[in-house]
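Step one of this worksheet: look at the structure below.
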Amino acid sequence: MAVTGNGRPAGRGPLAGVRVVELAGIGPGPFAAMLLADLGADVVRVDRPGPGGLAIDPAYDVTNRHKRSVLVDLKSPEGPGLVLDLVERADVLIEGFRPGVAERLGVGPAACHARNPRLVYGRMTGWGQEGPLARTAGHDIAYIAVTGALGMIGDADGPPAVPANLVGDYAGGSLYLVIGVLAALRHAHTPDGTGQVVDAAIVDGTAHLTAMIHGMVAAGGWQDRRGANLLDGGCPFYGTYETSDGGYMAVGALEQQFYDTFVRLLGIEAEAPARKDLARWGELRATVAERFRTRTRDEWTAVFEGSDACVAPVLSLGEAPHHPHLAARATFTDFGGITQPAPAPRFSATPTAVTGGPARPGADTASVARDWDVPGLTTGKGA
């Protein structure tokens, strides 16, 4: 079987044969490119000379797994031509510059489509390509703040809780970029299809994630404030509770049959107020909390294990790979000495797996020059 320069078997996964150019950045762009690479695409990351944007050894940057890297200085006279040589042979390009930067560098949509009319040009930004804030700096927390998503998360009597950069960068950003790229890729390969620009803005994707909540607000089933609703911690049978050893259990016993199992196993059947009596939710919460504090997290895990109570232990990142269910499914894997999430989702006919480590900047120049037939990468001469 043929292999790519970083040891990844060629032709593995549902996107085998798809070629992607990633203009190096940080955050949601690299994660989106990792998803495409996990699915079998041949992703060539165009790194710039000099240190990277994150203070992390490239050997540990899992978001660059399954990729190959070449070094190109886009500000040099030959830099744009080398990228356009790659673009001519690619199906997809991903970039995460501020609006107008790619155009100034000579690798914007017009220049790329002149060389490859069927190219899917994916643009990953926080604010989008247009609008009053489009050209201003920002990070995940600001993007989810203005969409209303951040304001939904946290206790009613405290500040909003910061959900790392999962909601904005990766859920509202990377995943929507990948959805857009795959949809545009399908269109580009129809008989009358053409390439196009996919404008993936984190504010747009994050707002889209709140669709159900907006419907519930309109229907009167959701209060527009934290900690007062069924799914935001306001409900005493949908939240987290501390155990005697300082751990936490997560409870999601929403439906009546699951709730009945929950209170029975928790041992509060006789003293739990009626679950539909909102006026006594505070009393119910106190009863549940007091009971959970009588045992350790592991003891409660054993009590609820295998039941339909919808209760689970709150695990740390280090503990998660050892959970029996995740271990049985190989949800996490070890490769190159790094424990990391396995590719998702799973495919019956074109299975995926972690078969390559993080790309090292510039390490794959020779193999990409050969496989993509771009000799200029090694000679420094673009078209």
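The values are calculated or read from the model by the stated rules, or taken from the named source; none is laboratory data. On a predicted model such as this, the values are computed, not experimentally measured, just so you know. Reconstructed Cβ throughout: ideal geometry from the backbone, glycine too, with neighbour counts over all protein chains shown. Protein only, heavy atoms only, side chains kept; ligands, DNA and RNA dropped before computing areas. Shrake-Rupley method; radii C 1.70, N 1.55, O 1.52, S 1.80 Å.
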Kirkwood Rh, angstrom, the stretch 103-261 [1 / mean 1/r, Cα pairs]: 18.5
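Find, to one decimal place in angstroms, the Kirkwood hydrodynamic radius of the stretch 234-340, where the mean of 1/r is taken over every pair of different Cα atoms and then inverted.
On the way: mean 1/r = 0.0673 Å⁻¹.
After inverting the pairwise mean of 1/r, the radius is 14.9 Å.
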Largest-first principal axis extents of the Cα set of the stretch 270-314 (Å): 32, 21, 21
W281-R89 FRET efficiency (beta carbon distance; Förster radius 56 Å; 0.05 resolution): 0.40
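For a Förster distance of 30 Å, can you work out the FRET efficiency between the beta-carbons of T296 and A228, rounded to the nearest 0.05? Could you put the intermediate results ahead of the total?
Values: r = 31 Å, r/R0 = 1.02.
The pair T296/A228 has a calculated efficiency of 0.45.
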For the stretch 196-280, convex hull of alpha carbons as volume per residue, Å³: 175
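What's the whole-number percent of alpha carbon pairs in the stretch 340-383 lying beyond 12 angstrom? It would help to have the intermediate numbers written out before the result.
Details: 671 of 946 pairs.
Tail fraction, whole percent: 71.
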Column: log10 I(q)/I(0), Debye, Cα scatterers of the chain, q = 0.06, 0.12 Å⁻¹: -0.30, -0.99
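Students often check this: by mean Cβ neighbours within 10 Å, which of 362-369, 215-222, 293-300 ranks highest, and how do the rest follow? It would help to have the intermediate numbers written out before the result.
Working: 362-369: 17.9, 215-222: 12.1, 293-300: 15.5.
Listed from highest to lowest mean packing, they are 362-369, 293-300, 215-222.
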Cα principal axis extents for the stretch 318-372, largest first, Å: 44, 29, 12
1.4 Å probe accessible area per residue over the chain, in Å²: 49
The chain: angle of helix 281-292 to the longest principal axis, Cα-based, in degrees nearest 10: 80
Whole-Å semi-axes of the stretch 244-294's equivalent ellipsoid (Cα gyration tensor): 18, 13, 10
Order by protection proxy (mean Cβ within 10 Å, highest first), peptides 36-46, 115-125, 262-272: 36-46, 115-125, 262-272
Antiparallel DSSP beta bridges within the chain, as percent of all bridges there, nearest 5: 40
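So how much slack lies between T379 and A110, counting 0.36 nm per residue of separation and subtracting their Cα-Cα distance, in nm? All intermediate terms of the calculation are to be shown ahead of the outcome.
Details: separation 269, 0.36 × 269 = 96.84 nm, distance 2.60 nm.
Length difference between fully extended and current span is 94.2 nm.
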Residues in the stretch 318-333 that a label on A161 would reach, taking backbone N under 19 Å of a point 7 Å out along Cα→Cβ: 318-320
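Could you compute Rg(Cα) / (2.2 N^0.38 Å) for the stretch 287-339, with N its residue count?
Values: Rg = 14.0 Å, N = 53, 2.2 N^0.38 = 9.9 Å.
Normalised Rg, Cα atoms only: 1.41.
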